[in-house]
């Protein structure tokens, strides 16, 4: 599986603290290898047919779509602000 990054993800990512960016990179690697890995706590976003969220840290999440063999990363941010589908 390969990853693509939407411009919204790149903007969000640039504004993250360095420690969260490092953790996000690790979680993206895990996601590419095994989208069902327990550390991701991945789940489909309620009300959506094709958008998922995965855990980066206790307070941060990322959203993505899987299109064929491509992981399309959409948004990343704090859980409190939460990421709209």
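The values are calculated or read from the model by the stated rules, or taken from the named source; none is laboratory data. In this text, all values refer to a predicted model and were calculated from it rather than measured experimentally. We place every Cβ from the backbone using ideal geometry, glycine too, and count neighbours over all the protein chains shown.
For (1) surrounded by 15 or more Cβ atoms within 10 Å (Cβ to Cβ); (2) at pLDDT 95 or above; (3) not in a helix (DSSP H, G or I), each residue gets a yes or a no:
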residue	(1), (2), (3)
20	yes, yes, no
35	yes, no, yes
50	no, no, yes
58	no, no, yes
64	yes, yes, yes
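Annotation: residue 79 fulfils all but one of (1) modelled with pLDDT of 95 or more; (2) surrounded by 11 or more Cβ atoms within 10 Å (Cβ to Cβ); the unmet one is (1). If you check residue 16 against the conditions, is it part of a loop (DSSP other than H, G, I, E, B), modelled with pLDDT of 95 or more and in contact with a helix residue (DSSP H, G or I) (Cβ under 8 Å, 6 or more places away or on another chain)? Yes, satisfied.
Within region 21-52, being touching a helix residue (DSSP H, G or I) at 6+ places or on another chain (Cβ under 9 Å) and in contact (Cβ under 8 Å) with a residue 24 or more places away in the chain holds for 24, 27, 31.
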